[in-house]
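Here's the structure we're looking at; comments come further down.
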């Protein structure tokens with residue numbers, strides 16, 4: 001009886017082919033996973049920006065009490081320019097009107113930042129949760145902090161990347177820049193005094209007296225918070241300001257808005 005030696009290589013080839021087939025399938029799965037991951041990154045970084053910016057702009061345009069000059073973009077190059085608030089209506093050392101505390105997710109004010117351009121105007125909503133406020137709506141107000149113009153610390157937060165990234169250029173703000181907040185009846189003009197980089201645990205930055213928990217506030221402050229560095233939540237970039245003056249609406253826009261085009 002003889003042995004057919006030519007059949008042995010075929011017997012060994014089948015497991016080898018199966019191994020290569022399994023590796024090929026694994027490679028294809030990894031490629032597919034990479035493509036899906038890349039698509040997710042594109043969606044997260046770009047599409048959410050487009051979608052968020054559009055939604056935030058539409059809300060501003062649909063809010064009847066936001067100044068029409070602001071919605072259209074304040075333009076200093078006009079023949080006469082937009083009407084500005086008279087000096088005798090700029091209130092300092094006078095108690096501003098009392099605001100009713102907003103419901104969760106309700107729009108309570110609009111924010112304008114001349115340093116960020118004449119077309120920068122965003123609504124501020126009550127709350128700072130990602131799912132309900134920061135992702136879909138933009139800028140959030142820390143609950144239990146002061147309202148615009150109140151004694152204490154009006155503290156707000158927003159993304160630096162994704163979802164319209166309202167605070168993406170926070171690192172360009174300088175001491176002396178203006179932060180302008182409009183409610184239905186009142187303009188509040190704050191002046192930036194300082195900035196800081198802290199850890200997420202340093203919640204004293206939104207204390208009534210910024211940076212000094214347990215201390216009674218001595219003035220009317222504003223605080224902006226966002227993640228730092230970009231694409232990371234390791235730290236927080238903080239900007240502090242103080243109220244310069246307030247004025248009733250209906251008498252022009254703050255002259256500080258023209259800083260965007262000067």
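The values are calculated or read from the model by the stated rules, or taken from the named source; none is laboratory data. Quantities reported herein were computed from a predicted structural model and do not represent experimental measurements. Positions of Cβ are generated from backbone atoms using ideal geometry, with glycine treated the same way; all protein chains shown enter the neighbour counts.
Values as computed for the structure displayed
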{"quantity": "Boolean, residue 44 is surrounded by 11 or more Cβ atoms within 10 Å (Cβ to Cβ), closer than 16 Å to residue 136 by Cα, out of contact with any strand residue (DSSP E or B) (no Cβ under 9 Å at 6 or more places or on another chain) and at pLDDT below 80", "calculated": "yes"}
{"quantity": "Qualifying residue in the range 63-72 (condition: more than 22 Å from residue 123 (Cα to Cα), in contact with a helix residue (DSSP H, G or I) (Cβ under 8 Å, 6 or more places away or on another chain) and at pLDDT below 90)", "calculated": "no"}
{"quantity": "Criterion violated by residue 197 - all others in (1) closer than 30 Å to residue 50 by Cβ; (2) touching a helix residue (DSSP H, G or I) at 6+ places or on another chain (Cβ under 6 Å) satisfied", "calculated": "(2)"}
{"quantity": "Yes/no for residue 131 being out of contact with any helix residue (DSSP H, G or I) (no Cβ under 8 Å at 6 or more places or on another chain) and under 17 Å from residue 241 (Cβ atoms)", "calculated": "no"}
{"quantity": "Yes/no for residue 143 being at pLDDT below 95, surrounded by fewer than 19 Cβ atoms within 10 Å (Cβ to Cβ) and on the phi < 0 side of the Ramachandran plot", "calculated": "no"}
{"quantity": "Residue 218 vs. criteria assigned to a strand (DSSP E or B) and on the phi < 0 side of the Ramachandran plot", "calculated": "no"}
{"quantity": "Residue that is farthest from the chain's Cα centre (by Cα), among those in the range 212-231 that are crowded, with 17+ Cβ neighbours inside 10 Å and closer than 18 Å to residue 179 by Cβ", "calculated": "220"}
{"quantity": "Selection status of residue 234, within 22 Å of the chain's Cα centre (by Cα), farther than 29 Å from residue 60 by Cβ, surrounded by 17 or more Cβ atoms within 10 Å (Cβ to Cβ) and free of Cβ contacts under 8 Å to residues at least 60 places away in the same chain", "calculated": "no"}
{"quantity": "The one condition in (1) surrounded by fewer than 21 Cβ atoms within 10 Å (Cβ to Cβ); (2) in contact with a helix residue (DSSP H, G or I) (Cβ under 7 Å, 6 or more places away or on another chain); (3) farther than 21 Å from residue 201 by Cα that residue 247 fails to fulfil", "calculated": "(1)"}
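The rows are residues; the columns are (1) at pLDDT below 90; (2) under 22 Å from the mean Cα position of the chain (by Cα); (3) surrounded by fewer than 20 Cβ atoms within 10 Å (Cβ to Cβ); (4) not in a loop (DSSP other than H, G, I, E, B).
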| site | (1), (2), (3), (4) |
| --- | --- |
| 51 | yes, yes, yes, yes |
| 75 | yes, no, yes, no |
| 99 | no, no, yes, no |
| 102 | no, yes, yes, no |
| 123 | no, yes, no, yes |
